[in-house]
1. Please give me the summed charge of the neighbours of LEU85: other residues whose Cβ is under 12 Å from its Cβ, Lys and Arg +1, Asp and Glu -1.
2. Expressed as a whole percentage, what fraction of the accessible surface of the range 5-63 belongs to carbon and sulfur atoms when a 1.4 Å probe is rolled over the protein heavy atoms?
3. Listed highest first by mean packing, meaning other Cβ atoms within 10 Å per residue, what order do 68-81, 86-99, 32-45, 6-19 come in?
4. What are the semi-axes of the equivalent ellipsoid for the range 1-88, taken as the square roots of 5 times the Cα gyration tensor eigenvalues, largest first, in whole Å?
5. If I model a spin label at SER20 and SER52 as a point 7 Å from the Cα along the Cα→Cβ vector, what separation in nanometres do I get?
6. Might you work out the accessible area of TRP46 for me, using a 1.4 Å probe with all protein chains in place, and round it to the nearest 10 Å²?
7. If you take the beta carbon distance between ARG83 and ALA60 as r and set R0 to 22 Å, what does 1/(1 + (r/R0)^6) give as a FRET efficiency, to the nearest 0.05?
8. Compute the relative contact order of the range 12-108 as a whole-number percentage, counting only Cα pairs closer than 8 Å that sit 6 or more residues apart in sequence.
Amino acid sequence: ANWLKMRGVRRAVIEGDCASACALLALLMPERYLTPGAALGFHELWGRNAASSELRSDRAEVLSLMRTIGIDTGFIEPLMVGRELQYPDRAELLSRRIVTGCWSQVYRAPEPCTGLLVSRAVGYEAR
């Protein structure tokens, strides 16, 4: 996330299935937009060789960063339990301001949140 911020990246445009590290990285951007059909998936932080104390520290750091940009970690934290991916409802992501809004793939700009299309990539754009 710091690497992206140092390069002026402020906006995550989420397309298709953005889960695990992709979702966490997207949420650390100041602006977060969903394209039609996009979904964010969360699970517990884990690593093959990571000690549980490291993972607790990493989790605390990620949640702290989210709080500093105004994300409701009370909503996100329960989604970060267990290794099974959990996908919150798109309407709830919008109403809780987990995402900033919706993104037009045609006009490459914010748009009202309507429509359902599915695509398969995640793009990060500098402002």
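The values are calculated or read from the model by the stated rules, or taken from the named source; none is laboratory data. It should be emphasised that the depicted structure is a prediction, and the values quoted were computed from it without experimental measurement. Cβ placement follows ideal geometry from the backbone for every residue including glycine, while neighbour counts extend to all protein chains displayed. For the accessible areas, the whole protein counts, side chains as well, though only heavy atoms, and no ligand, DNA or RNA atoms are used. Shrake-Rupley method; radii C 1.70, N 1.55, O 1.52, S 1.80 Å.
1. Neighbour charge sum, excluding LEU85 itself: -2.
2. 50
3. Packing order, densest peptide first, comes out as 32-45, 6-19, 86-99, 68-81.
4. They are 21, 16, 12 Å, listed largest first.
5. It is 2.3 nm.
6. Near enough 110 Å² of accessible area.
7. 0.70
8. 36
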